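The values are calculated or read from the model by the stated rules, or taken from the named source; none is laboratory data. These numbers come from a predicted model, not from an experiment. In this analysis, Cβ positions are derived from the backbone assuming ideal geometry, glycine residues included, and neighbour counts consider all displayed protein chains. The area values use the complete protein model at the heavy-atom level, side chains included, leaving out ligands, DNA and RNA. Shrake-Rupley method; radii C 1.70, N 1.55, O 1.52, S 1.80 Å.
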Amino acid sequence: MLRSASWIFGRTERALAAATLVTVVILSLSSPYFLTIPNLVNLAEAYSVTAILAAGVLVVLVCGGIDISFTATAAAAQYFAATLATKHGMPLVPTLVLSACLGIGLGALNALLIHYLRVGSIIVTIATSSIYYGMLIYLTDAHEIYNLPDWWAEPVALFRTVLPSGDVVKIGLPILIMCLVVLLTHMLLNHTRLGRQIYAFGGNPEAASRIGINIVGVQLFAYGYLGFLAAVAGFMQAYRVHQAVPTAMAGLELNVLAVAILGGASLVGGIGTMGGVVLGLLFLAVLQNGLNLLGVSSYFFGVVTGLAILVSILMTGYADKRARRPHMARGG
């Protein structure tokens, strides 16, 4: 029994999968609506924007940094795209390309400030988050844009079926984009030379520099990639709610960081996987959805999220201690 528990808690992903399974069983017994296809599909779509952002945050965390400004970047790119589409009548492709360029540019600006000012990434990105949000609200007077063109606001159903219960189940664009982003990020980190360089730089920047890794290039890519995914997430968020709002994504930072940290991403860099992030997202989504179905106040979600992060950090510390123990024993 103790050996099984030790094996489960020896890796964050295994512990998270076990915790998610236990939570699913408890919530299934507590609410008959929880484990139904319509609820699970709605859950996947509702958390698609969080998943897209979490993939970008994972790359920055593995690179040894942290970014707080990604929701401000997403809001700026979203509003920029909405302005191009509604006031200038720009079609889909150039609107997407230009808003993605804005997201990449804002992310790259963070990387340059962090590298050349030699200031902690959290301090720089808190400052740029305030600047991005402040400029956006100043320039737009916080006006919302409702009249999105049909190619943006019209729902796209990739798969649609009617269940025997009469419920209509639709798999839409946000779920497809989420799956593509998860796959792309996994391939990037695990099957490319650049991915190995990101892990190497996050694990030991000095050693990475000595073996010839382009430090500025790696940082530019990591923060630029997050900026690009922030623009994609901003576009998807406006698609889901049919409007662009300058402050629509403010406050989402904690949930996104929680997903990445729950999934085992280290705050000091060099550690983290896309599979872990998916498990972290699944656990948080299941927990929050279950609490919602049980009628628990949404104000309590912050308490649950904070506790989950705390437990995850403790588990990661325990797993790291176990991993170091054999080396210490051999050294000792």
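Collect the residues in the stretch 161-214 that are without any contact (Cβ under 8 Å) to a residue 40 or more places away in the chain and among the charged types (D, E, K, R), keeping them in residue-number order.
Arg193, Arg196, Glu206, Arg210
Gly269 fails exactly one of the following numbered conditions: (1) exposed (fewer than 15 other Cβ atoms within 10 Å of the Cβ); (2) farther than 28 Å from Ala157 by Cα; (3) not aliphatic (A, V, I, L, M). What is the number of that condition?
(1)
What number goes with the only condition from (1) open to solvent by 50 Å² or more (accessible area, probe 1.4 Å); (2) within 18 Å of Ile66 (Cα to Cα) that Gly105 does not pass?
Unmet for Gly105, out of (1) open to solvent by 50 Å² or more (accessible area, probe 1.4 Å); (2) within 18 Å of Ile66 (Cα to Cα): (1).
Looking at Val216, Val182, which is the one that is in a helix (DSSP H, G or I), farther than 30 Å from Pro38 by Cα and β-branched (Val, Ile, Thr)?
From the options Val216, Val182, the qualifying one is Val216.
Of the residues Pro164, Pro149, Pro155, Pro174, only one is under 26 Å from Thr247 (Cβ atoms) and either of a type in the set (D, E, K, R) or at pLDDT below 90 (or both); which?
Testing whether each residue is under 26 Å from Thr247 (Cβ atoms) and either of a type in the set (D, E, K, R) or at pLDDT below 90 (or both) leaves just Pro155.
Taking the condition of being open to solvent by 90 Å² or more (accessible area, probe 1.4 Å), over 22 Å from the mean Cα position of the chain (by Cα) and under 22 Å from Gln237 (Cα atoms), how many residues in the stretch 112-154 meet it?
10
Is one or more of the residues making up the stretch 85-96 open to solvent by less than 20 Å² (accessible area, probe 1.4 Å) and either touching a Phe, Trp or Tyr at 6+ places or on another chain (Cβ under 9 Å) or over 21 Å from Met178 (Cβ atoms) (or both)?
yes
Could you please give the count of residues in the stretch 225-272 that are part of a helix (DSSP H, G or I) and in contact (Cβ under 8 Å) with a residue 40 or more places away in the chain?
26
Within the set of pairs 6+ apart or on separate chains, which have a first residue in the stretch 49-65 that is closer than 19 Å to Val218 by Cα and touching a residue at least 40 places away in the same chain (Cβ under 8 Å), a second that is part of a loop (DSSP other than H, G, I, E, B) and of a type in the set (Gly, Ala, Ser), and C-beta atoms under 6 Å apart?
Leu58/Ala265; Leu58/Gly272; Leu61/Ala265; Leu61/Gly272; Val62/Gly272; Gly64/Gly269
Quick check on the stretch 61-84. Is at least one of its residues out of contact with any strand residue (DSSP E or B) (no Cβ under 7 Å at 6 or more places or on another chain), at positive phi and surrounded by 15 or more Cβ atoms within 10 Å (Cβ to Cβ)?
yes
Quick one: is Thr161 surrounded by 13 or more Cβ atoms within 10 Å (Cβ to Cβ), more than 26 Å from the chain's Cα centre (by Cα) and at negative phi?
Against the criterion (surrounded by 13 or more Cβ atoms within 10 Å (Cβ to Cβ), more than 26 Å from the chain's Cα centre (by Cα) and at negative phi), Thr161 does not qualify.
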